[in-house]
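Quick notes on the structure that follows.
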Amino acid sequence: MNLISKKRGRIIVSRKGFFTVDSENELCVCKACTRLRLEKKEPLCGDIVAYNDNGDGTGFITDLEPRKNFFPRPGVANADMLVIVIASANPQPDLFYVDKMTCIGVKAAAEIIIVVNKTDLKNADEYVGIYKKCGFRTFKTRSDTGDGIEELKNCLSGKIAVFAGPSGVGKSSLLNAMYPEYNAVTGTLSQKIMRGKNTTRHIELFKTSSGGYIADTPGFTSIDFEKFDLLAFSELKGSFPEMQEYMTDCRFRNCGHTKESGCAVISAVECGNIPKSRHESYVRLFELLKNKTLY
Ligand SMILES: Nc1nc2c(ncn2[C@@H]2O[C@H](COP(=O)(O)OP(=O)(O)OP(=O)(O)O)[C@@H](O)[C@H]2O)c(=O)[nH]1
Ligand SMILES: [Mg+2]
Ligand SMILES: [Zn+2]
C-alpha cells in the first residue's frame, strides 16, 4: 500500500489537466483536487503548490500559493523575467510587437530583457540603443557561433524566464546553444507546421543547469493583445518606464502625451531622450485602447 504524503513543489508542465510538479527534482504527475476546480483556481506552470503524493508518481494538488505575477498567455506564473527575442534581420524586427510585449512585462512586474539575435546578418546597435534607453537589459547574440550566449545565460541563472518573440528569430536556437540538453525543435516554419500537426500544445518549464527555469513559448501574438485585454487603457501611461520622469512636467495635468502642446514627453522625444519608435508605439496603443469598453 502506498502512503500518501503532503509535499510542496513547483508545477513545471501543464498538459490537458495534468500537472507535473517538481519537488527537489522528484517529479509527480498531479490532477487538481475537486475543491480547486470548483473554486476555479486553475494551476499554472510556475505555481508553487501543495500536493498529496500518492507514492506512485501521481498525486493531487490541494493548494496554490499566492502568485507574484502571471502571464495570462501562455499561462505562466511567478516569472522573474520576460525575455523578448528579435532578430536584427530575417525576420525584420517589428518594434510595435516588442513594445506591446514590454508593456505586458511591465504590468507583470517582470524584469524585461531584450535579446537581438542574428547579429551576423545586420548590425544590432540601433535596436540595442533603443531598448537600453528604456532601462532594459539588452544582449546581442548569435546562436550559430555562440556570441553573447554566455552573458545571456548568466543573466538567466536561478530565474524563471519566459521567452517570447516572433517565429523564426531564433528562440529555440538560443536555448539549445545555452543548454545543449534542451533539444528544442528549430528550423523553418514549414518544417514545424508539418511536425506540429500531431503535437499537443502544452506549456512546459525547462529546468536549466544553472538553477533556473525557462518557458519557450509560442509567445503572444498581436491578436492576443487585442482579444484578451492584456492591457487596459488606464494602465498604458504607466507601461513605458522611460517616459515616467517626463510625464509630470507636461503643461496639462491630464496630458495624453500623444500630440498636446507643452507635452514634456514629446519634447523628450524631439531631443532624443525618448526613442521615437517607442513614442510611436505609445501613440498607436493609445488609439487602440482608448475606444475599448473594458477598462
Ligand atoms: N544567421 C543566423 N541564423 C540563425 C541564428 N539563430 C538562429 N538562426 C536560424 O533561424 C531559424 C529559426 O530559428 P528557431 O530557433 O527555430 O526560431 P524560433 O524563434 O524558435 O521560432 P519559432 O519556434 O517558430 O517561434 C533557423 O533556421 C536557425 O538556424 C543566428 O544567430 N544567425
Ligand atoms: Mg522555437
Ligand atoms: Zn504629455
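List of remarks:
- Scanning segment 3-24 for residues that are under 22 Å from the mean Cα position of the chain (by Cα) and hydroxyl-bearing (Ser, Thr, Tyr) yields 14, 20.
- One residue from 119, 141, 145 being among the hydroxyl-bearing types (Ser, Thr, Tyr) and more than 29 Å from residue 243 (Cα to Cα): 145
- The number of residues in segment 4-36 that are surrounded by 13 or more Cβ atoms within 10 Å (Cβ to Cβ), over 27 Å from residue 210 (Cβ atoms) and free of Cβ contacts under 8 Å to residues at least 12 places away in the same chain comes to 0.
- Yes/no for residue 89 being open to solvent by less than 10 Å² (accessible area, probe 1.4 Å) and either outside the structural domain of residue 153 (by TED's automatic domain parsing) or not aromatic (Phe, Trp, Tyr) (or both): no
- Neighbours by Cβ (under 8 Å, 6+ apart or cross-chain): first from segment 236-254, in the same structural domain as residue 100 (by TED's automatic domain parsing); second at pLDDT 95 or above and of a type in the set (S, T, N, Q): none
- Extreme residue, surrounded by the most Cβ atoms within 10 Å (Cβ to Cβ), among residues of segment 37-64 that are without any contact (Cβ under 8 Å) to a residue 24 or more places away in the chain and out of contact with any helix residue (DSSP H, G or I) (no Cβ under 9 Å at 6 or more places or on another chain): 37
The values are calculated or read from the model by the stated rules, or taken from the named source; none is laboratory data. Note that the structure is a prediction, hence the values are computed from the model and not measured. Using ideal geometry, Cβ is built from the backbone for each residue, glycine included, and neighbour counts are taken over all protein chains shown. Remember, those area values only see protein heavy atoms, side chains included, never the ligands or the DNA or RNA. Shrake-Rupley method; radii C 1.70, N 1.55, O 1.52, S 1.80 Å.
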